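The values are calculated or read from the model by the stated rules, or taken from the named source; none is laboratory data. Remember, predicted model here, so these are calculated numbers, not experimental data. With ideal geometry, Cβ positions are generated from the backbone for all residues, glycine too; neighbour counts draw on all protein chains shown.
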Amino acid sequence: MFPEPIHGLTNAELAARARELLPRGHGVARRIHRGVMLEGRFDPESWGLGPKSCSEWRSRFSFALPELVTVKSDENEQGATTKMVLRLQDGLEVESVCIPMGRGRYTLCVSSQVGCKMGCTFCETGRMGLLRHLRTDEIVAQLLVARHRLGWPIRNVVFMGMGEALDNADNVFHALRVLNDEAGLAIGQERLTVCTVGHVEGIRMLEQQGLKRLNLSVSLNAARDSLRSELMPINRRTDLTELQNTLAGYRPRRNFVLGVNYCLLPGINDTQSDARAIAAFCEPLGRVLLNLIPYNPGSQPLTRAPEEPEVERFIGWLRDEGLPVRERKAKGRTVMAACGQLGNPSARRARKALPTLSA
Ligand code: SF4
């Protein structure tokens with residue numbers, strides 16, 4: 001694909017591609033890469049190259065960020081949770097969310113696909129179906145827009161926006177390397193998190209990437225097969241036993257802590273026996289941290305949002321079972337930026353009117 005997006009490459013990859021493709025001027029590739037990644041600018045002219053070299057650089061490599069369509073914020077005591085909508089080259093849109101983590105630290109929740117084919121019933125993105133995978137540069141671009149256009153001081157990146165990250169494994173694995181690249185963005189693996197609904201093939205492939213300090217979290221949401229199959233169709237293909245066995249075998253490092261995400265749906269998955277079932281599921285998984293996420297109703301709610309006493313009661317049951325639990329306070333509900341609220345189910349219809357570009 002030409003011109004090739006620079007932000008879809010690591011520093012070393014750009015240097016190698018420039019040597020391969022450019023007859024001259026490739027010696028500044030590493031500096032050009034840092035200019036793109038760290039300052040958001042691509043200007044070969046500033047590195048003392050002649051007009052011919054600059055024009056060759058521009059014909060072979062590009063740097064164009066997606067159009068920023070909207071930015072909406074929801075204030076809470078920790079700061080503003082802000083959702084941005086980006087329009088890609090082919091007209092499709094993706095959403096990313098900047099989440100305050102306290103003490104001036106922010107996490108960017110990025111999308112890996114436009115839509116999603118997993119069909120989780122509590123999720124707006126699931127209602128869109130899968131429109132297409134994002135390329136590596138489109139994933140990285142979300143961070144570059146956040147930092148360079150909006151000035152957000154992002155420290156951590158979590159793949160928990162639109163899409164199932166491990167369903168787009170090649171691009172997500174490459175994006176992780178670009179984000180982690182010490183000669184570029186240099187986001188430490190311990191500040192990167194992949195979240196999955198339990199894509200077991202993807203988890204096995206992730207283990208082979210050798211990213212030993214990377215974080216992984218799995219969205220459980222029900223610890224009984226019948227209920228989980230209703231809420232999350234992937235469970236009809238990969239039941240809880242197979243998921244549990246796969247996760248038990250995922251040991252990238254000795255002190256690894258698996259994140260287990262549980263969206264609390266009042267009247268659906270919030271009984272004491274649900275809490276016991278979660279503990280039984282987690283028992284063989286080594287160290288886990290249960291992230292309890294109060295349900296955020298979307299455009300077609302499954303149920304209501306839980307009241308704080310209901311959340312506290314459920315957390316108490318989980319702790320009684322010996323599980324470490326962290327409540328993930330609802331952030332961004334009013335601007336549809338909270339977990340499960342990203343996406344635009346009407347995008348599939350709108351897509352018919354758009355030109356087709358290869359993914
Ligand atoms: S929860 Fe995640 S995997 Fe499930 S439909 Fe939504 S985006 Fe896809």
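When residue 45 is evaluated against the numbered criteria (1) under 14 Å from residue 26 (Cβ atoms); (2) in a helix (DSSP H, G or I), which criterion, by number, is the only one it fails?
All conditions pass for residue 45, except number (1).
At least 2 residues that are closer than 25 Å to residue 79 by Cα in each: list the helices (runs of 4 or more DSSP H) lying fully within the stretch 107-215 that qualify.
Values: elements: 136-144, 169-180, 200-207.
Those helices (runs of 4 or more DSSP H) span 136-144.
With respect to the numbered conditions (1) modelled with pLDDT under 95; (2) assigned to a helix (DSSP H, G or I), which one is the sole condition not fulfilled by residue 23?
So residue 23 meets the others, but not (2).
Only one of 128, 84 is under 23 Å from residue 149 (Cα atoms) and either crowded, with 22+ Cβ neighbours inside 10 Å or within 16 Å of the ligand (Cβ to nearest atom) (or both). Can you tell me which? Spell out how you get there, then give the answer.
Details: 128 fails: under 23 Å from residue 149 (Cα atoms).
Answer to the selection: 84.
Here is a check on your reading of the model: is residue 92 in contact with a helix residue (DSSP H, G or I) (Cβ under 9 Å, 6 or more places away or on another chain) and closer than 19 Å to residue 199 by Cα?
Numbers: in contact with a helix residue (DSSP H, G or I) (Cβ under 9 Å, 6 or more places away or on another chain): yes; closer than 19 Å to residue 199 by Cα: no.
Judged against the criteria, residue 92 is not a match.
Being more than 18 Å from residue 184 (Cβ to Cβ), in contact with a helix residue (DSSP H, G or I) (Cβ under 6 Å, 6 or more places away or on another chain) and loosely packed, with under 15 Cβ neighbours inside 10 Å is the filter here, so list the residues in the stretch 33-54 that pass it.
45
Scan the stretch 281-304 residue by residue and report those that are exposed (fewer than 14 other Cβ atoms within 10 Å of the Cβ) and closer than 15 Å to residue 223 by Cα. Talk me through it step by step, then tell me what you get.
Step one: of the stretch 281-304, the residues exposed (fewer than 14 other Cβ atoms within 10 Å of the Cβ) are 284, 287, 299-301, 304.
Result: 284, single match.
I need a count of the residues in the stretch 223-238 that are within 16 Å of residue 278 (Cα to Cα), away from the ligand (no atom under 13 Å from the Cβ) and charged (D, E, K, R).
Qualifying residue count, the stretch 223-238: 2.
Of all residues in the stretch 249-270 being assigned to a loop (DSSP other than H, G, I, E, B) and among the β-branched types (Val, Ile, Thr), which is farthest from residue 302 (Cα to Cα)? Full working, then the answer.
Restricting attention to the stretch 249-270, the residues satisfying the condition of being assigned to a loop (DSSP other than H, G, I, E, B) are 249-257, 265-270.
With among the β-branched types (Val, Ile, Thr) added as a condition, the list becomes 257, 268.
Values: 257: 31, 268: 9 Å.
Top of the filtered list is 257.
Which members of the stretch 220-255 meet the condition of being free of Cβ contacts under 8 Å to residues at least 60 places away in the same chain, crowded, with 16+ Cβ neighbours inside 10 Å and farther than 20 Å from residue 201 by Cβ? Break it down into steps so the answer makes sense when it comes.
Taking the stretch 220-255 as the starting set, the residues that turn out to be free of Cβ contacts under 8 Å to residues at least 60 places away in the same chain are 222-229, 235-255.
Now restrict to residues that are crowded, with 16+ Cβ neighbours inside 10 Å: 222-224, 227-229, 235, 238, 240, 243-244, 246-247, 250, 252.
Of everything in the stretch 220-255, those that are free of Cβ contacts under 8 Å to residues at least 60 places away in the same chain, crowded, with 16+ Cβ neighbours inside 10 Å and farther than 20 Å from residue 201 by Cβ turn out to be 222, 223, 224, 227.
Just name the residue that is nearest to the ligand (Cβ to nearest atom) out of those in the stretch 157-174 that are aliphatic (A, V, I, L, M) and out of contact with any helix residue (DSSP H, G or I) (no Cβ under 7 Å at 6 or more places or on another chain).
First, pick out the residues of the stretch 157-174 that are aliphatic (A, V, I, L, M): 157-158, 160, 162, 165-166, 169, 172.
Filter once more, so that each one left must be out of contact with any helix residue (DSSP H, G or I) (no Cβ under 7 Å at 6 or more places or on another chain): 158, 160.
On the way: 158: 12, 160: 8 Å.
Among residues in the stretch 157-174 that are aliphatic (A, V, I, L, M) and out of contact with any helix residue (DSSP H, G or I) (no Cβ under 7 Å at 6 or more places or on another chain), the one nearest to the ligand (Cβ to nearest atom) is 160.
Just to be sure before I move on: is residue 299 modelled with pLDDT under 90 and within 16 Å of the ligand (Cβ to nearest atom) in the structure I sent? Walk me through how you get there before you give the answer.
Values: modelled with pLDDT under 90: yes; within 16 Å of the ligand (Cβ to nearest atom): yes.
Here the answer is yes, as residue 299 does meet what is asked.
Filter the stretch 139-156 down to residues that are within 16 Å of the ligand (Cβ to nearest atom) and either in contact (Cβ under 8 Å) with a residue 40 or more places away in the chain or within 22 Å of residue 80 (Cα to Cα) (or both), then give me how many there are. Even if it seems obvious, please write down each step before you answer.
Taking the stretch 139-156 and keeping what is within 16 Å of the ligand (Cβ to nearest atom), we get 139, 142.
After this cut, where a residue has to be either in contact (Cβ under 8 Å) with a residue 40 or more places away in the chain or within 22 Å of residue 80 (Cα to Cα) (or both) as well, the list is 142.
Residues that pass the stated criteria total 1.
Restricting to the stretch 256-267, name every residue that is among the aliphatic types (A, V, I, L, M) and surrounded by 19 or more Cβ atoms within 10 Å (Cβ to Cβ). Full working, then the answer.
Of the residues in the stretch 256-267, the ones among the aliphatic types (A, V, I, L, M) are 257-258, 260, 264-265.
Passing the criteria: 258, 260, 264, 265.
Given (1) free of Cβ contacts under 8 Å to residues at least 60 places away in the same chain; (2) away from the ligand (no atom under 13 Å from the Cβ), where does residue 99 come up short, assuming only one miss?
(1)
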